[in-house]
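In what follows, a structure is listed as structure tokens, so that the remarks can point back to it.
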Amino acid sequence: MVKDGKMSLALLALVNGHHSAGWRNTASDTDTATDIDYFTYLAQRAERAKFDLFFIADTPGARIDHLDAYSRGPNYMNCLEPTTLLSALARGTERIGLGGTASTSFYEPFNLARLFASLDHISHGRAAWNVVTSSNDHAARAFGHAKLPPHAERYARAKEFVEIVRALWDTYEDDAIRFDKATGEYFDPAKFHPIDHEGAFFKVRGALNIARPPQGQPVIIQAGASNAGRELAAETADLVFNSDDTFEEAKAYYDDVRARVARFGRDPSTLKVLAGFAPVWGESKWEAEDKHRTLQELVTPMVGKQRVGQDLEADLSGLDPDQPVPLDIIPASANQHTRYFEQLVHMIKHERLTLRQLWQRYERGNKRVLGTAKDIADVMEEWFAGKACDGFMVICPQLPVGIEEFADHVVPELQRRGLYREDYSGTTLRDHLGLARPQSRYARTAEPAMG
Ligand SMILES: Cc1cc2nc3c(=O)[nH]c(=O)nc-3n(C[C@H](O)[C@H](O)[C@H](O)COP(=O)(O)O)c2cc1C
């Protein structure tokens with residue numbers, strides 16, 4: 001473990017950026033969504049800026065309804081499968097961590113454990129799995145279900161899923177593979193531990209056919225905002241993303257989640273919190289605001305309504321954009337993204353915004369800062385020094401320009417202030433994050449296999 005006391009930075013690499021109109025405002029003349037050279041460029045750009053993590057968000061499957069809106073705001077409608085993409089990036093980069101989302105609602109623990117163990121080997125210890133329970137019925141239907149199970153059931157399944165994956169990653173102890181040509185013993189069977197698990201959701205009797213990953217266990221990421229999500233993060237995660245747009249809320253989240261970690265008997269500093277952060281850089285504040293306004297003006301009403309309606313779990317397509325959203329069409333509580341839902345309801349109730357103002361203001365919970373390198377670094381310093389987070393998930397409204405500007409202007413400012421590393425001091429993602437390599441459960445104690 002290498003610990004430098006600096007903030008961590010991750011890049012959320014959604015093709016042309018997180019903004020639904022990012023693709024319309026790119027300098028590129030061709031679609032880069034499935035272009036490995038383009039993603040390699042993004043990852044190398046983040047690596048040159050010494051980022052901890054390059055992160056691919058995902059949802060399993062395209063939408064098949066509201067195509068009038070999704071064909072114009074096409075996020076996640078055309079994308080590479082994350083572990084395939086990250087495996088290729090492992091060969092085009094050397095140090096940056098490589099994280100991707102995979103859903104516990106649609107994978108089997110065995111497949112998942114195998115994929116991320118392989119990625120950890122291929123990348124020499126840089127893999128991270130973002131555990132999500134998924135929040136869209138379109139994916140459920142693609143997997144043969146009428147709709148997603150309720151939120152609590154999804155999280156109960158996720159908890160059991162993660163336990164199994166972790167047990168499978170410990171199949172082989174670190175020194176189990178002998179490769180002893182003289183005696184003919186390839187591995188020591190006493191250091192090979194199949195599992196025999198039978199729980200509420202899964203039955204797994206078997207063992208992973210791959211040596212223990214270089215990080216011991218790939219890094220586990222979580223982004224749950226709900227009570228169940230926070231509990232899962234506190235019990236199992238190494239890294240958690242949060243989505244709050246004020247310092248006070250982010251600080252409350254940080255304190256809450258760390259207190260939960262302690263209740264699980266873990267050292268609170270073993271869970272790192274990255275705040276979702278959406279910077280737009282300009283030579284002046286005015287220039288940054290102008291860039292953002294240009295993007296906002298490219299959002300068509302159809303896309304704006306769909307984006308807000310999706311997180312409000314309500315159909316807004318027939319509403320007048322210049323009137324407030326009527327409260328009686330919104331469900332009493334969320335079954336999808338609790339935090340996003342609550343933020344929108346708050347904006348409707350307390351800020352009395354029109355629908356158009358809502359889609360122009362709403363950042364899906366991430367802290368948006370428009371300004372110079374100083375303006376952006378000031379906010380990051382306030383949040384980091386004030387212990388509202390351990391670092392930031394940089395969510396650029398536009399790519400590749402967002403990471404280019406952030407790397408060239410904001411990173412040097414953070415380094416000048418002593419807040420960010422000048423170079424990597426370790427080789428694995430756990431090193432970058434200051435997290436210890438977990439011992440095999442069998443090396444620690446003589447525990448029997450999980451049952
Ligand atoms: C930075 C960040 C990245 C996320 N990436 C994904 C993703 O790739 N796929 C997904 O389905 N949800 C993703 N989410 C959403 C969360 O996993 C989670 O569903 C959401 O925060 C709601 O949590 P809750 O169900 O506990 O309320 C992400 C959230 C954040 C803040």
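Key figures for this structure:
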{"read-out": "Test: residue in the range 384-403 that is surrounded by fewer than 18 Cβ atoms within 10 Å (Cβ to Cβ), small (Gly, Ala, Ser) and assigned to a helix (DSSP H, G or I)", "value": "yes"}
{"read-out": "Residue count for the range 277-309, restricted to those that are open to solvent by 50 Å² or more (accessible area, probe 1.4 Å) and touching a Lys or Arg at 6+ places or on another chain (Cβ under 9 Å)", "value": "3"}
{"read-out": "Neighbours by Cβ (under 7 Å, 6+ apart or cross-chain): first from the range 309-335, over 18 Å from HIS66 (Cβ atoms); second of a type in the set (Lys, Arg)", "value": "ASP322/ARG356; PRO324/ARG352"}
{"read-out": "Yes/no for TYR70 being out of contact with any helix residue (DSSP H, G or I) (no Cβ under 9 Å at 6 or more places or on another chain) and either of a type in the set (Lys, Arg) or open to solvent by less than 60 Å² (accessible area, probe 1.4 Å) (or both)", "value": "no"}
{"read-out": "Residues of the range 312-340 satisfying the condition of being modelled with pLDDT of 90 or more and within 15 Å of the ligand (Cβ to nearest atom)", "value": "LEU312, GLU313, PRO331"}
{"read-out": "Qualifying residue in the range 55-65 (condition: away from the ligand (no atom under 16 Å from the Cβ), open to solvent by less than 20 Å² (accessible area, probe 1.4 Å) and of a type outside the set (Lys, Arg))", "value": "no"}
{"read-out": "Leading residue by the ranking (most open to solvent (accessible area, probe 1.4 Å)) among those in the range 355-381 that are in a loop (DSSP other than H, G, I, E, B) and within 16 Å of the ligand (Cβ to nearest atom)", "value": "ARG364"}
{"read-out": "Residues being farther than 18 Å from HIS18 by Cβ and modelled with pLDDT of 95 or more - total across the range 50-84", "value": "5"}
{"read-out": "Residue that is least open to solvent (accessible area, probe 1.4 Å) [pool: residues in the range 250-276 that are within 19 Å of LYS367 (Cβ to Cβ) and acidic (Asp, Glu)]", "value": "ASP256"}
{"read-out": "Subset tally (residues that are within 16 Å of the ligand (Cβ to nearest atom) and at pLDDT below 95) for the range 397-450", "value": "1"}
{"read-out": "Among residues of the range 311-325, those that are under 28 Å from the mean Cα position of the chain (by Cα) and open to solvent by 40 Å² or more (accessible area, probe 1.4 Å), counted", "value": "2"}
{"read-out": "Odd one out for ASP244, checked against (1) open to solvent by 40 Å² or more (accessible area, probe 1.4 Å); (2) within 18 Å of ARG368 (Cα to Cα); (3) of a type in the set (Asp, Glu)", "value": "(1)"}
{"read-out": "Some residue of the range 407-424 being within 19 Å of the chain's Cα centre (by Cα) and among the hydrophobic types (A, V, I, L, M, F, W, C)", "value": "no"}
{"read-out": "Failed item in (1) away from the ligand (no atom under 16 Å from the Cβ); (2) modelled with pLDDT under 90; (3) open to solvent by less than 30 Å² (accessible area, probe 1.4 Å); (4) over 28 Å from VAL410 (Cα atoms), with ARG352 passing the rest", "value": "(3)"}
{"read-out": "Single residue of GLY216, GLY224, GLY229 found to be assigned by TED's automatic domain parsing to the domain that holds ARG166, open to solvent by less than 30 Å² (accessible area, probe 1.4 Å) and outside any loop (DSSP other than H, G, I, E, B)", "value": "GLY229"}
{"read-out": "Residue list for the range 206-258, restricted to those being of a type in the set (D, E, K, R) and away from the ligand (no atom under 11 Å from the Cβ)", "value": "ARG212, GLU235, ASP238, ASP245, GLU248, GLU249, LYS251, ASP255, ASP256, ARG258"}
{"read-out": "3 or more residues within 16 Å of the ligand (Cβ to nearest atom) and surrounded by fewer than 20 Cβ atoms within 10 Å (Cβ to Cβ): qualifying helices (runs of 4 or more DSSP H) within the range 86-183", "value": "137-142, 151-169"}
{"read-out": "Looking only at the range 422-445, and only at residues there that are aliphatic (A, V, I, L, M) and assigned to a loop (DSSP other than H, G, I, E, B), the one that is surrounded by the fewest Cβ atoms within 10 Å (Cβ to Cβ)", "value": "ALA436"}
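The values are calculated or read from the model by the stated rules, or taken from the named source; none is laboratory data. Every value quoted in this text rests on a predicted model; they were computed, and no experiment measured them. Glycine also receives a Cβ, built like all others from the backbone with ideal geometry; neighbour counts cover every protein chain displayed. The area values use the complete protein model at the heavy-atom level, side chains included, leaving out ligands, DNA and RNA. Shrake-Rupley method; radii C 1.70, N 1.55, O 1.52, S 1.80 Å.
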